[in-house]
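Since the structure comes first, as structure tokens, the remarks are kept for the end.
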Amino acid sequence: MDVIEAVQIRKRYGDVEAVDGIDLVVTEGEIVAVLGPNGAGKTTTIELLLGLRLPTSGTVRVFGQPPDRPAVRGRVGAMLQDTAVPEGLTVAEAVRLVGRYYPYRLPVDDVLTRAELTDKRRARVGELSGGQLQRLSFGLAIAGDPDVLFLDEPTVALDVEGRRAFWEQVRGFASLGKTILFSTHYLAEADAVADRVLVIHRGRLIQDGPPAALKALVAARTIRVATDLPLDDLRAIAGVDQVAADVDRTAPAGLQYVTVRSSRPEEVVAQISIAGCRLHDLTVEDTDLEAAFVRLTHEGTSA
Ligand code: ATP
């Protein structure tokens with residue numbers, strides 16, 4: 001079943017086309033990551049899908065209806081970047097209060113467990129640390145037991161351990177059959193958490209597929225090696241995409257460290273050997289999603 005459907009949505013702010021014609025369908029139970037550089041249009045897209053802003057043109061449907069309908073709002077939870085909670089409330093009171101706006105709700109204890117705030121239930125919101133506030137924001141997003149959850153850069157205030165724990169809770173919530181769409185700058189998170197990754201650049205969707213497809217799109221691996229083969233000769237090897245001198249590393253006499261990008265690293269290494277050149281301290285690394293994304297963005301820019 002389609003939970004979210006957006007057709008050619010656009011949002012213009014003055015001269016800025018923040019969202020520039022995005023089509024999107026998210027089906028029940030999917031976990032979708034939205035990636036993109038600063039200002040790409042991720043937040044605006046989420047706001048349009050939530051019905052917090054009206055598109056300049058195009059349509060959004062959530063559960064088949066406009067997203068600002070009460071029947072839809074009762075099934076949607078959101079963790080936005082600027083959630084303001086009255087500082088005088090206790091954590092448990094805030095969860096209870098938000099839950100009241102929903103037709104169904106999770107028990108407060110369950111929310112506190114899922115947000116890892118059980119020991120803070122009586123603390124005032126104003127006393128919470130940045131990471132605890134972030135977790136409270138997650139708790140408030142799930143308080144109404146929503147069927148679909150939007151998370152806009154949910155892990156910005158969390159440290160590495162906090163992020164790991166946070167995604168574990170999100171996965172736990174997703175396992176209840178929920179649909180989740182989140183934006184992030186941490187591409188490793190999208191790779192680890194999402195079934196599907198959308199890459200937004202300058203308000204447009206430039207990639208939509210499983211994380212593996214995004215990686216496969218730029219399957220190049222990175223070879224690092226010290227060699228005496230000149231850079232131009234390296235560039236001439238079939239299958240080499242990019243070559244750069246690695247000037248930060250000191251190589252043994254007569255050699256220089258180079259970084260070579262290629263989707264056929266074995267052949268490249270074989271060619272260096274066939275040329276009778278030396279290979280020292282060779283490593284080959286997979287391209288992570290971050291590198292794939294940087295490349296996609298770059299291609300989007302130059303297109
Ligand atoms: P970030 O990763 O930095 O949060 P983003 O991908 O979420 O960025 P948006 O916040 O959606 O991007 O912004 C997209 C573009 O629209 C930017 O150029 C931004 O300056 C502009 N923009 C966003 N909100 C407004 C607004 N209320 N008024 C005017 N321009 C806006």
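Being at pLDDT 85 or above and within 30 Å of E17 (Cβ to Cβ) is the requirement here; does Q207 meet it? Here the answer is yes, as Q207 does meet what is asked. Quick check on the stretch 149-161: of everything there that is modelled with pLDDT under 90 and in contact with a helix residue (DSSP H, G or I) (Cβ under 8 Å, 6 or more places away or on another chain), which residue is farthest from D82 (Cα to Cα)? Applying the filter and picking the extreme gives D159.
The single residue among R105, R163 that is outside any loop (DSSP other than H, G, I, E, B) and either of a type in the set (S, T, N, Q) or in the same structural domain as P37 (by TED's automatic domain parsing) (or both) turns out to be R163.
The values are calculated or read from the model by the stated rules, or taken from the named source; none is laboratory data. These numbers were taken from a predicted model, which means no experiment stands behind them. Positions of Cβ are backbone-derived with ideal geometry, glycine not excepted, and every protein chain shown enters the neighbour counts.
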